Amino acid sequence: MTTRFQAPRGTQDVLPDMQPYWQAVNDAIRVVTRLHGFRRIDTPAFEYAGVFEKGSGDTTDIVEKEMYTFEDRGGEKLALTPEGTPAICRAYLEHGMASWPQPVRLYTTHQMFRYDRPQKGRYRQHTQFDCEIFGSTDPLVDAEVIAVLWRLYTMLGIRNAGVRLGSLDDIAPRRAYVERLKDYYRPHLPKLSEDSQRRFERNPLRLLDSKDERDLPFKEAAPKLVDNLSPEARAHHETVLGALEATEIPVEIDPLLVRGLDYYNRTVFEIVPTDDARAQGTIGGGGRYDGLMEILGGPPTPGMGFGSGIERIILEMQRSGVVFENEAAADVYIVHKAEGAAAVVFGLASRLRSAGVAAVLGESNKSFKAQMRGANHSGAKFAIIIGDDELARGAGTVKDLTGEGEQESVELGRLPALLAAKLRA
RNA sequence: GCGGGCGUAGCGUAGUGGUUAACGCGUCUGGUUGUGGCCCAGAAGAUCGCGGGUUCGAACCCCGCCGCUCGCCCCA
């Protein structure tokens with residue numbers, strides 16, 4: 001016997017009972033993005049691998065160990081999208097959006113693929129809601145992007161979350177800072193944890209993020225990025241903070257906030273649960289990436305955006321106690337058992353649907369009782385019963401399933417209009 | 001990629017070396033002639049994640065693999 005197939009590791013099916021959550025998220029995304037003047041863009045499920053190797057940075061974990069890359073039959077090196085921002089930037093350049101009215105506000109929801117070790121809230125295929133604003137260096141744009149995400153979460157009933165805000169300075173002053181940081185750490189290198197020794201080479205900013213006890217003493221005295229911001233970046237940071245503080249959004253400065261992607265400068269942020277310390281807690285995060293377009297071969301074009309995992313949004317909704325009633329499968333369930341009724345009931349069902357009534361047919365090889373059970377399970381408000389008697393009269397028996405089950409006989413031709421009216425009531 | 005926990009019908013669980021693996025929910029079918037929800041009865045559904053080993057005998061012990069999960073790395 002063959003082994004039964006399972007969904008591939010790190011992937012999951014979204015079953016009907018979960019769909020109301022997805023529906024709610026997608027609906028809210030449409031509303032929120034409209035309120036902020038964003039327009040939708042969709043990019044392909046895969047891109048030339050170079051888009052991410054260059055865009056995300058070829059020493060990032062995403063590119064080094066998580067990308068699904070493959071060669072197609074023509075020998076092109078492609079990658080399933082691991083991250084939305086570089087793909088959207090590629091589209092911006094490819095379609096000459098620099099000649100659109102600036103700034104350009106775009107959003108999307110997109111499948112992301114990363115070869116990670118799965119955990120709750122971390123999957124190899126997940127869906128991300130992305131917003132990007134191109135063409136503006138205004139710090140209010142940074143604040144707005146954060147506000148979009150916050151508004152979405154609030155609309156969806158997510159409670160107990162907060163914004164963590166940081167700044168990574170501009171690229172050049174940050175490089176200078178990183179050198180100073182490395183100078184500070186270099187003599188202590190052998191005493192650091194293995195992870196931090198790797199960080200020293202790959203991503204020194206992460207040294208300040210270590211939870212390892214061996215690293216803690218050195219963190220204390222290390223030079224902090226926030227204390228060394230360039231005047232321009234500091235002013236920018238303070239304007240963003242001030243703007244957010246003018247709203248109800250709870251903001252907390254996180255001087256150690258580091259994001260794993262190379263392209264960020266100045267503003268970075270995350271929105272995290274405030275009542276749950278789980279490792280995969282970040283619901284959404286992003287930042288400013290003024291240098292990314294140039295990395296991808298375009299003209300200097302500032303950008304600011306975020307990604308937020310819809311699977312994680314839904315987990316937070318559930319933790320916040322958001323529940324949905326299961327929606328009825330139909331308005332009307334047609335119970336039928338009569339010689340020669342097939343064409344009549346099929347035609348009736350069609351006319352009901354044309355009248356906007358969701359209709360499901362019972363199976364004629366089942367008993368009335370079995371079909372009535374089906375009607376009950378469907379959640380339909382009415383059953384239409386068609387047996388030999390009704391067929392002879394050219395009528396259907398309408399049974400109200402919401403109350404005691406009162407029945408009335410109605411001429412076939414009048415059924416669609418009558419039921420449409422009853423359902424509207 | 002590294003370390004810990006777990007894996008019994010669709011779901012939730014019981015059973016921890018010895019006859020036909022149990023219970024609840026769910027599903028299906030009945031409870032007289034054409035009728036739901038409650039109740040009652042019956043049925044279907046599990047090679048006890050997969051493979052190997054120990055043993056007279058394994059769901060129960062050992063090993064490997066797969067999957068889930070928690071933590072690390074990192075991220076949404």
Here are some conditions: (1) in contact (Cβ under 8 Å) with a residue 12 or more places away in the chain; (2) out of contact with any strand residue (DSSP E or B) (no Cβ under 7 Å at 6 or more places or on another chain); (3) within 13 Å of RNA strand B (Cβ to nearest atom). Residue A:333 meets all but one. Which one does it not meet? (2)
Only one of these conditions is not met by residue A:397: (1) free of Cβ contacts under 8 Å to residues at least 40 places away in the same chain; (2) more than 9 Å from RNA strand B (Cβ to nearest atom). Which number is it? (2)
Candidates A:198, A:214, filtered to the one that is under 19 Å from residue A:179 (Cα atoms) and within 16 Å of RNA strand B (Cβ to nearest atom): A:198
Answer yes or no: is there a residue in the stretch A:355-367 that is more than 8 Å from RNA strand B (Cβ to nearest atom), basic (Lys, Arg), under 28 Å from residue A:16 (Cα atoms) and in contact with a helix residue (DSSP H, G or I) (Cβ under 8 Å, 6 or more places away or on another chain). no
Qualifying residue in the stretch A:92-101 (condition: touching a strand residue (DSSP E or B) at 6+ places or on another chain (Cβ under 9 Å) and within 15 Å of RNA strand B (Cβ to nearest atom)): no
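Among the residues of the stretch A:384-414 satisfying the criterion of being of a type in the set (A, V, I, L, M, F, W, C) and under 19 Å from residue A:372 (Cα atoms), which is surrounded by the most Cβ atoms within 10 Å (Cβ to Cβ)? Give the steps one after another, and end with the answer.
Here is the first cut: in the stretch A:384-414, the residues of a type in the set (A, V, I, L, M, F, W, C) are A:384-386, A:391-392, A:395, A:398, A:401, A:410, A:412.
Remaining after also requiring under 19 Å from residue A:372 (Cα atoms): A:384-386, A:391, A:395, A:398, A:401, A:410.
Details: A:384: 28, A:385: 23, A:386: 23, A:391: 19, A:395: 19, A:398: 19, A:401: 17, A:410: 16.
Out of the qualifying residues, it is A:384.
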Do you know which residues across the stretch A:361-383 are in a loop (DSSP other than H, G, I, E, B), surrounded by fewer than 19 Cβ atoms within 10 Å (Cβ to Cβ) and without any contact (Cβ under 8 Å) to a residue 40 or more places away in the chain? A:363, A:364, A:365, A:366, A:367
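Residue by residue, here is whether (1) modelled with pLDDT under 90; (2) in a helix (DSSP H, G or I); (3) polar (S, T, N, Q) holds:
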{"residue": "A:216", "(1), (2), (3)": "yes, yes, no"}
{"residue": "A:219", "(1), (2), (3)": "yes, yes, no"}
{"residue": "A:223", "(1), (2), (3)": "yes, no, no"}
{"residue": "A:243", "(1), (2), (3)": "no, yes, no"}
{"residue": "A:255", "(1), (2), (3)": "yes, no, no"}
{"residue": "A:267", "(1), (2), (3)": "no, no, yes"}
Given the residues A:10, A:57, A:74, A:37, which is the only one that is in contact with a strand residue (DSSP E or B) (Cβ under 6 Å, 6 or more places away or on another chain) and either modelled with pLDDT under 90 or surrounded by fewer than 13 Cβ atoms within 10 Å (Cβ to Cβ) (or both)? A:37
How many residues are away from RNA strand B (no atom under 16 Å from the Cβ) and within 23 Å of residue A:170 (Cβ to Cβ) when one looks only at the stretch A:217-236? 13
Provide a single number: the residues in the stretch A:42-65 that are assigned to a loop (DSSP other than H, G, I, E, B) and over 19 Å from the mean Cα position of the chain (by Cα). 5
Checked against (1) outside the structural domain of residue A:150 (by TED's automatic domain parsing); (2) away from RNA strand B (no atom under 16 Å from the Cβ), residue A:300 satisfies every condition except (1)
Meets criteria (without any contact (Cβ under 8 Å) to a residue 40 or more places away in the chain, on the phi < 0 side of the Ramachandran plot, assigned to a loop (DSSP other than H, G, I, E, B) and in the same structural domain as residue A:133 (by TED's automatic domain parsing)) for residue A:73: yes
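The values are calculated or read from the model by the stated rules, or taken from the named source; none is laboratory data. Remember, it's a predicted structure, so these values are computed and weren't measured experimentally. Counting neighbours? That spans all protein chains shown, and the Cβs are built from the backbone with ideal geometry, glycine included.
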